[in-house]
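Inspection log for the structure reproduced underneath, given as structure tokens.
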Amino acid sequence: MLAPHVSQLWLDVDFLQLVRTSGIIPNAVMGLLALASLLSWTVILSKWVMLRGAQKSNRRFLRAFRKATRLDAVAAASEQFRAAPLVGVFDFGYSEVCRQMATKSRISNQASLERTLQLGISEEISRLERNMNWLATIASVSPFIGLFGTVTGIIDAFQGLGLSGNTSLRAVGPGIAGALLATAMGLFAAIPASIFYNLFGNRIREIGARMDDFSLEFLNLTERNVED
């Protein structure tokens, strides 16, 4: 019985009226939080699409890579899977292999090849993590911004109460309710940003682990090619 009652309370709230009765600072805070929420969801949706496409392209490229017997064949096929982070790592490694083969017709510096692959992994992880700092910032800062708006709104409400001389709750209630709306908006912006920051972080770590494994497979294929 409690849940329907709470839902009805939310339906009965006139949010526009709460905004109108709030002070300048709480309204400015709520506007800032609305922009933060919009930015957060923009990053969330774009990152969701990108990571989903990256994982799908990784699987397809990895199947093609494991079927190939030569690096040049993989290089030709990799153009179909440009969204795959593994392709970025492969490009780094393949460029280093071509450079060494061009000078000495063999892999003369295995350590250099391994470092180049690690650079490719770091580059791809940096690309995947782009804009993640916005989610972290919004998740950590928004509740405090909302709290600031609430505190200033309550101060304004009680100052107005003191000036009017009216001590009834009816006089101060709308101002306090409008101030508390800033805290609610802060949580509304922070909670999705925090959830998806952790979710995307886990996915990026999984992709990073996959790239580490792929670098070993690349080295194995390189050694087989050199032996042939």
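Would you point out which residue out of 54, 36, 75 is in contact with a Pro (Cβ under 6 Å, 6 or more places away or on another chain), in a helix (DSSP H, G or I) and buried (at least 16 other Cβ atoms within 10 Å of the Cβ)?
Within the list 54, 36, 75, the selection yields 54.
Hey, does the stretch 128-137 have a residue that's modelled with pLDDT of 75 or more, in a helix (DSSP H, G or I) and more than 30 Å from residue 213 (Cα to Cα)?
The answer is yes, given that some residue of the stretch 128-137 is modelled with pLDDT of 75 or more, in a helix (DSSP H, G or I) and more than 30 Å from residue 213 (Cα to Cα).
Consider only pairs whose beta carbons are under 7 Å apart and that are at least six residues apart or on different chains; among these, list those whose first residue lies in the stretch 104-115 and is more than 15 Å from residue 71 (Cβ to Cβ) and whose second residue is part of a helix (DSSP H, G or I) and of a type in the set (S, T, N, Q).
Note: pairs meeting the criteria are 108/100; 109/100.
Find the residue count for the stretch 111-159, including only residues that are among the polar types (S, T, N, Q) and closer than 28 Å to residue 95 by Cα.
5
Would you check if residue 155 is surrounded by 13 or more Cβ atoms within 10 Å (Cβ to Cβ), out of contact with any helix residue (DSSP H, G or I) (no Cβ under 7 Å at 6 or more places or on another chain), at pLDDT below 80 and among the aliphatic types (A, V, I, L, M)?
It is true that residue 155 is surrounded by 13 or more Cβ atoms within 10 Å (Cβ to Cβ), out of contact with any helix residue (DSSP H, G or I) (no Cβ under 7 Å at 6 or more places or on another chain), at pLDDT below 80 and among the aliphatic types (A, V, I, L, M).
Any idea which of 99, 115, 59, 106 is closer than 17 Å to residue 215 by Cα and over 27 Å from the mean Cα position of the chain (by Cα)?
115
Return yes or no: is residue 22 among the polar types (S, T, N, Q) and either modelled with pLDDT of 85 or more or under 24 Å from residue 192 (Cα atoms) (or both)?
Judged against the criteria, residue 22 is not a match.
If you scan the stretch 42-59, which residues turn out to be touching a helix residue (DSSP H, G or I) at 6+ places or on another chain (Cβ under 7 Å) and under 20 Å from residue 191 (Cα atoms)?
43, 44, 47
What are the residue pairs meeting all of these: first residue in the stretch 70-81, first residue touching a residue at least 60 places away in the same chain (Cβ under 8 Å), second residue polar (S, T, N, Q), Cβ atoms under 8 Å, and 6 or more apart or on different chains?
Cβ pairs passing all conditions: 70/225; 71/222; 71/225.
The values are calculated or read from the model by the stated rules, or taken from the named source; none is laboratory data. In this text, all values refer to a predicted model and were calculated from it rather than measured experimentally. Methodologically, a virtual Cβ is constructed for each residue, glycine included, from the backbone with ideal geometry; neighbour enumeration extends over all protein chains shown.
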